[in-house]
1. Here is a list: Pro378, Pro388, Pro313, Pro358. Which entry is within 24 Å of the chain's Cα centre (by Cα) and either within 20 Å of Lys140 (Cβ to Cβ) or not basic (Lys, Arg) (or both)?
2. Just give me the residues in segment 225-243 being more than 15 Å from Asn356 (Cβ to Cβ), more than 22 Å from the chain's Cα centre (by Cα) and among the aromatic types (Phe, Trp, Tyr), in sequence order.
3. Given the structure, is Lys296 without any contact (Cβ under 8 Å) to a residue 40 or more places away in the chain, over 22 Å from Ile542 (Cα atoms), out of contact with any helix residue (DSSP H, G or I) (no Cβ under 8 Å at 6 or more places or on another chain) and of a type in the set (Lys, Arg)?
4. List the number of the failed condition for Asn147; all other conditions in (1) out of contact with any helix residue (DSSP H, G or I) (no Cβ under 6 Å at 6 or more places or on another chain); (2) farther than 28 Å from Leu383 by Cα; (3) not hydrophobic (A, V, I, L, M, F, W, C) hold.
5. Working only within segment 323-357, note down all residues that are more than 15 Å from the ligand (Cβ to nearest atom) and either under 21 Å from Phe229 (Cβ atoms) or among the acidic types (Asp, Glu) (or both).
6. Would you pick out the residues in segment 358-368 that are out of contact with any Ser or Thr (no Cβ under 8 Å at 6 or more places or on another chain) and either more than 7 Å from the ligand (Cβ to nearest atom) or modelled with pLDDT under 95 (or both)?
7. Could you figure out which of (1) in a loop (DSSP other than H, G, I, E, B); (2) farther than 24 Å from Thr143 by Cα isn't true of Tyr436?
8. If a residue has to be assigned to a loop (DSSP other than H, G, I, E, B) and in contact (Cβ under 8 Å) with a residue 60 or more places away in the chain to count, how many in segment 364-391 make the cut?
Amino acid sequence: MTSGTPNPRPGEHDEKDRQLDRFRAAPESDALTTDQGVRVDDTDNALRAGERGPTLLEDFHNREKITHFDHERIPERVVHARGSGAYGYFEPYESLAEYTCADFLQEPGRRTPVFVRFSTVQGPRGSADTVRDVRGFATKFYTRQGNYDLVGNNFPVFFIQDAIKFPDFVHAVKMEPDSEMPTGASAHNTFWDFCSLQPESTHMLMWLMSDRAIPRSFRMMQGFGVHTFRFVDAEGRGTFVKFHWKPRLGVNSLVWDEAQIAAGRDPDFNRRDLWEAIESGDFPEYELGVQLVAEKDEDAFDFDLLDATKIIPEEQVPVRPIGRMVLDRNPQNFFAETEQVAFHTANVVPGIDFTNDPLLQGRNFSYLDTQLIRLGGPNFAQLPVNRPIADVNTNHRDGYGQQVIQSGDSYFPNSLSGGCPAHAGAADTTGVFRHYQERVAGEKVRVRSESFKDHYSQATLFWNSMSDWEKAHVVEAFRFELGKVGSTEVRERMVGNLAHVHGDLSAAVAAGLGLPAPQPASGIRTHASPALSQENLGGHGIRTRKVAVLAADGTDVEDVETVRGRLTEEGALVEVLAADEGSVHGADSEVLKVDRALPTMASVLYDALLVPGGKQAVQTLMDDPAAVRFVEESYRHGKPIAVEGDGAQMLAAARLPAEVLNGGSAAEQGVIIGDGAEGIADTFVGAMEHHRFMHRPGLLNPGAID
Ligand code: HDE
């Protein structure tokens with residue numbers, strides 16, 4: 001090529017490139033440009049000296065493109081790195097003016113926009129969703145009086161009582177420092193070493209070992225503010241408050257074996273579930289409730305309200321529903337929104353204030369501090385997802401990433417700018433944040449209050465409140481986790497701690513670890529709080545539950561349609577699975593569309609299973625190990641199974657216990673065997689409302705419960 005000849009157009013050289021040209025040439029409006037707005041005609045070939053020559057530094061587009069790419073990542077969150085977000089709104093049911101002057105809680109039905117981020121705690125950004133872990137449940141309310149962040153979890157308590165221990169706790173639970181293993185799991189030496197030496201963790205461990213730590217869906221878990229906060233009314237009067245989110249769909253969990261398989265089959269299990277529900281218009285909904293305690297009753301409990309390892313049992317102070325939140329929009333860009341959202345416990349609005357909970361006080365320092373490193377400077381509140389809808393008028397200036405062209409002076413007091421921005425006047429109380437005037441007095445001491453020292457009573461309360469299968473799952477989880485701990489000393493110490501919770505628990509865990517049962521502590525209480533058991537936290541209906549239908553040529557298509565009709569009427573999502581995608585033919589040549597190829601899916605991705613009749617089809621399925629495994633796992637994970645006609649043969653092929661197959665109690669165990677789709681459809685819906693059947697023969701480890 002002689003100098004001065006224009007470069008070849010992309011695609012000039014070969015036919016394939018010419019075919020792709022239609023994806024490359026853009027109308028002016030969506031043309032590719034540099035960061036400076038200059039149009040680019042080729043982003044496939046760097047500028048070089050000669051076709052086979054060296055790449056030229058002069059190619060500003062190439063350098064800009066690669067430089068920007070090199071800087072795309074920011075540090076992930078030190079905890080809660082893996083998360084999923086959604087937008088929506090909150091609306092109160094009633095005015096709460098009696099307790100708080102918070103503007104967004106004054107008017108029934110007035111909507112406040114929100115952004116929510118759900119997360120796991122231990123694992124890095126790319127870790128699996130269904131690990132055993134606490135889930136973050138953080139909500140940013142964009143109120144007219146500024147942003148309010150309720151940065152909660154799906155458990156109502158925490159591992160430690162004082163924030164100064166947070167780095168210790170996180171170092172212990174994160175991957176081990178030498179091997180960086182295990183990812184997304186607490187089942188390792190350092191975590192249990194720490195907890196065994198830290199009895200204040202015991203209550204939280206009960207939650208962590210329960211099925212609450214493996215939620216079926218972000219849409220099916222509770223959220224808690226954890227700390228006791230303070231509502232403040234227009235006259236400056238305070239009321240203690242604990243916040244609760246309750247999911248409309250009920251609280252439902254996975255079982256451990258299922259969660260582990262799902263981590264491989266779909267590491268995005270919870271993220272996908274949230275995303276798809278919102279995309280399909282099944283908007284997740286949660287009710288916000290409060291437990292209110294008058295200041296005069298601060299000392300009325302047998303625990304300290306400032307201790308974040310304690311709950312206020314709902315039977316003692318009922319949860320009062322005050323509003324609902326609906327999540328109705330997925331983010332447009334994961335990084336810009338879900339990754340860059342910056343929550344902060346100290347983002348409060350007039351009417352909501354802190355207490356002296358030492359965990360909360362430390363958090364109020366940490367969240368602002370962590371954003372500085374994560375988001376690269378002090379201007380992160382200007383990012384779209386963090387920007388308040390309330391007017392912002394500060395004297396802050398400059399800094400990395402400043403987005404605003406500010407004008408005027410930036411000091412106070414000033415006369416040259418007419419005193420602006422000015423303080424709210426003394427008489428102007430509406431919409432002004434005034435710190436609650438709590439009287440404090442004390443020595444400067446480094447001590448833990450005596451009132452924080454009972455570490456076991458509420459762990460016992462939790463244990464006593466569980467149903468038999470929930471207890472069995474707690475025991476199995478302790479056995480699993482401690483079974484991964486190499487040090488016998490740590491195992492023994494931990495089992496020793498559990499002997500203060502309940503003798504049944506410590507004995508069952510010890511047995512699984514091959515240790516002698518420790519002597520149960522004396523004075524273990526028998527109190528219980530039914531509100532803690534998932535048995536009592538069911539939702540209504542089966543909306544968005546996923547049902548798999550196993551099909552092959554010869555499937556009874558009419559029966560499938562009948563059951564599908566009934567299930568979709570109730571809002572369930574039905575998918576037909578067969579060996580290959582496309583369609584299968586019924587016995588009378590009807591056509592049934594196949595939604596998914598069986599080898600791409602797994603039982604753990606569904607809530608319930610239907611095996612329709614059809615002699616030839618059932619024979620094909622019985623010869624397919626993937627189909628047989630599907631049935632076997634569905635049974636083992638407690639999922640409702642409906643079989644119609646010949647489909648019943650699949651139960652025997654999956655080696656379900658004879659007592660279920662022949663004992664006549666199958667329906668009670670959520671295994672619905674019937675002739676004719678009409679007959680089974682209603683029972684199937686009822687079984688799905690029950691979610692899981694944990695009392696099936698062979699499911700509960702007999703050693704794990706008495
Ligand atoms: Fe957090 N926590 N935390 N935490 N936390 C963070 O802030 C911290 C605690 C919670 O989706 C960090 O922006 C301290 C309790 C959630 O972006 C960090 C203590 C509860 C999220 C931090 C706690 C939480 C975080 C890391 C005292 C439940 C994710 C990244 C022991 C009530 C928010 C970030 C999101 C995130 C500090 C304890 C919930 C380092 C010092 C208790 C949901 O600032």
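1. Answer to the selection: Pro313.
2. Phe231
3. yes
4. Failed condition: (2).
5. Step one: filter segment 323-357 for residues more than 15 Å from the ligand (Cβ to nearest atom), giving 323-326, 328-330, 332-333, 349-351, 353.
Correct list: Gly323, Arg324, Met325, Asp328, Val349, Pro350, Gly351, Asp353.
6. Result: Pro358, Gln361, Phe365, Leu368.
7. All conditions are met except number (2).
8. 7
The values are calculated or read from the model by the stated rules, or taken from the named source; none is laboratory data. Computed from a predicted model, the values in this text were never measured in an experiment. We place every Cβ from the backbone using ideal geometry, glycine too, and count neighbours over all the protein chains shown.
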